[in-house]
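Structure first, commentary second.
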Amino acid sequence: MFFHAHPDDEALLTAGTMAMLAAEGHRVVLVVATSGERGQADLEPGEALGAARVAELYRSAAALGCARVVNLGYGDSGLAPGGGIADDRPDNAFIDADTEEAARRLAAILAEEDAHLLTTYDPAGGYGHPDHVQVHRVGARAAEIAGTPIVLEATVNRDPLLRGIRLISRFYPQLDIRAFESAYSPGEAITHRVAVRRFARQKRASMAAHASQATGADTRTLGVMLKVPRPLYRLIFGTEWYVQRGLPPGTKLRHPFEVPSKG
């Protein structure tokens, strides 16, 4: 089960892994906390944008081979101009949800699916979005309740990310790389490096499904990514990264279900 905050997060962080596991015959379930109705887009924030993004989510899930999609139905907490929690968030904003209650809802789905693996985010929520931080909290507690044996925190290896962003910025100088300099996880913290180049077509299709998120601002990360030439795309986005807590320092695994050697 892959747990994300908003539609399109799965495309950016875990799409290749999802496509790989589906191709291997695993049942892949995608759960989102919100409809992403307060994201940037050409549509005005609100119900219409949320409905559009959920429709995009289903197209993305189909491209990746997902067996089921679940929307927990919380409100998108949004971002304040400085990157914090928006003051005008809805009454049912995910960030304001009771963590235990939300975790029990997610745990019920984990138990129903007899899930062996759950992905969440790192404690900082990647780049700090409050809904992403809440995904970490809720996901960690849900796994405890359900007894899910493997919990992987979807992240990005900050080291090659910065190299890739600097390369892309040569073609798109308006791209601000400062936001990436403290985001996600350093390479030394990564426990899983999953090669997904063989599934670049599905990953790109997943990104392309979220057309609303390639518009609505001067520079959208997703829009820039989709303009990367395909051979370079496979190189830059051909690995997905995870952190599994409790493993020895320096652990380097290549598959979500790989077990560390005891030697």
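The values are calculated or read from the model by the stated rules, or taken from the named source; none is laboratory data. Every value quoted in this text rests on a predicted model; they were computed, and no experiment measured them. Heads up, the Cβs are rebuilt from the backbone with ideal geometry, glycines too, and the neighbour counts pull from every protein chain shown. Just the protein is used for accessible areas: all its heavy atoms, side chains included, with ligands, DNA and RNA removed. Shrake-Rupley method; radii C 1.70, N 1.55, O 1.52, S 1.80 Å.
Side notes on the structure shown:
- Between the residues M18, Q134, N71, the greatest Cα displacement towards the positive end of the dipole of the chain, with unit charges on the Cβ of Lys, Arg, Asp and Glu, is found for M18.
- Per residue, segment 162-262 exposes 58 Å² of accessible surface when a 1.4 Å probe is rolled over the protein heavy atoms with every protein chain present.
- Spin-label model distance (nm) - R104 vs E258, 7 Å beyond Cα toward Cβ: 3.9
- Sparsely packed chymotrypsin sites (Phe, Trp or Tyr not before Pro) within segment 126-225, loop by DSSP, other Cβ within 10 Å at most 12: F171
- Heavy-atom surface analysis with a 1.4 Å probe gives the chain a carbon and sulfur content of 51 percent of its accessible area.
- DSSP bridge orientation in the chain - percent antiparallel, rounded to nearest 5: 30
- Once backbone amide H atoms are built at 1.01 Å from N, V156 has S185 as its partners under 5 Å, excluding neighbours fewer than 5 places away on the same chain.
- With Rh defined as the Kirkwood radius, the inverse of the mean 1/r over Cα pairs, the Rg/Rh of segment 39-155 is 0.97.
- Cα-based shape type of segment 93-141, given that a ≥ b ≥ c are square roots of the gyration tensor eigenvalues and the cut on a/c is 1.5: oblate
- P(r) of the chain over all Cα-Cα pairs, binned every 10 Å from zero, in whole percent: 7, 31, 40, 19, 2, 0
- Extension gain for the segment E24 to R193, taken as residue separation times 0.36 nm less the Cα-Cα distance, is 59.1 nm to one decimal.
- Each principal axis of the Cα atoms in segment 29-68 has its own extent, and those three values, largest first, are 30, 18, 13 angstrom.
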